[in-house]
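Trainee: Right, I'll just put the structure down here and ask away after.
The values are calculated or read from the model by the stated rules, or taken from the named source; none is laboratory data. Quantities reported herein were computed from a predicted structural model and do not represent experimental measurements. Methodologically, a virtual Cβ is constructed for each residue, glycine included, from the backbone with ideal geometry; neighbour enumeration extends over all protein chains shown.
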Amino acid sequence: MSVTEQRSSAVAETLSRIRAIEAEQGVSRASLAAIRSELIGLSARRDLFPQDEFPLSEGQGERFEKLSVDPDGRFELYLEVADKAVDTLPHNHTTWAVVVGIRGLELNRLYEGEGGVAGEAPLKLREEVPVTAGSGICMMPDDFHSIHMEKGDLNMHLHLYGIGFAHMKDRLMFDPASGTYLPYDPRLAVED
Ligand SMILES: [Fe+2]
């Protein structure tokens, strides 16, 4: 079996266990922790994510490779590869999300409260979580986070969303400059 076939098969098996966890336990911090364990198991198979199979072209800096999504848009899994500096604004997803590391360091900043209700400003930093190989973070639908990566380091992380980007509704980002929440805009959410 080729690496691509092995990866597809490992992804499919992992997602099938993750669907079962959500179906049996619903969406809670405990069930997301169980989902994170499954995803960490997948990320530990570093042989399935060879760097040369997901190259960054000159000047590209970052790419999101969709590894899987259900026909109804649920359980969207990406491999994120980046070697540029990334700093996003704090944002929510309106669906649960789990991020785990394969290589490199994605610093996640998590913010106060059960999700920074619109109007609760400024958003206060709660904790910083370095996501590296073998570790990960879980976010409930209302949680706000921001992502920070250094230029030059090769980062490879898995990002799993309860429902895919095309279906996420009413997302918000927090703009520290104005101290207000704004509708999420992917063009504005990343500070280049
Ligand atoms: Fe995010």
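Trainee: Report yes if I35 is surrounded by fewer than 21 Cβ atoms within 10 Å (Cβ to Cβ), closer than 14 Å to G136 by Cβ and not basic (K, R), otherwise no. Lay out the reasoning, then the answer.
Mentor: Numbers: surrounded by fewer than 21 Cβ atoms within 10 Å (Cβ to Cβ): no; closer than 14 Å to G136 by Cβ: yes; not basic (K, R): yes.
The answer is no for I35.
Trainee: Still on this structure: Only residues that are of a type in the set (A, V, I, L, M, F, W, C), more than 14 Å from the chain's Cα centre (by Cα) and under 28 Å from K84 (Cβ atoms): list them for segment 20-49, please.
Mentor: Once the filter is applied, which keeps residues that are of a type in the set (A, V, I, L, M, F, W, C), more than 14 Å from the chain's Cα centre (by Cα) and under 28 Å from K84 (Cβ atoms), segment 20-49 yields L42, A44, L48, F49.
Trainee: In segment 150-181, what count of residues is obtained for those that are assigned to a loop (DSSP other than H, G, I, E, B), buried (at least 18 other Cβ atoms within 10 Å of the Cβ) and in contact with an Asp or Glu (Cβ under 7 Å, 6 or more places away or on another chain)?
Mentor: 1
Trainee: Right, here's the next one. Closer than 23 Å to L56 by Cβ and among the β-branched types (V, I, T) - does that describe any residue in segment 138-156?
Mentor: Keep residues of segment 138-156 that are closer than 23 Å to L56 by Cβ, which gives 146-156.
Add one more test, that the residue is among the β-branched types (V, I, T), and what stays is 147.
Yes, segment 138-156 has at least one match.
Trainee: Contact list please: Cβ distance under 6 Å, first residue in segment 142-169 and among the basic types (K, R), second residue at pLDDT below 95 and away from the ligand (no atom under 13 Å from the Cβ), pairs at least six apart or on different chains.
Mentor: Matching pairs, first to second residue: K151/K84; K151/A85.
Trainee: Now a separate question. Only one of (1) under 26 Å from K66 (Cα atoms); (2) surrounded by fewer than 14 Cβ atoms within 10 Å (Cβ to Cβ) is not met by H145, so which one is it?
Mentor: The number of the failed condition is (2).
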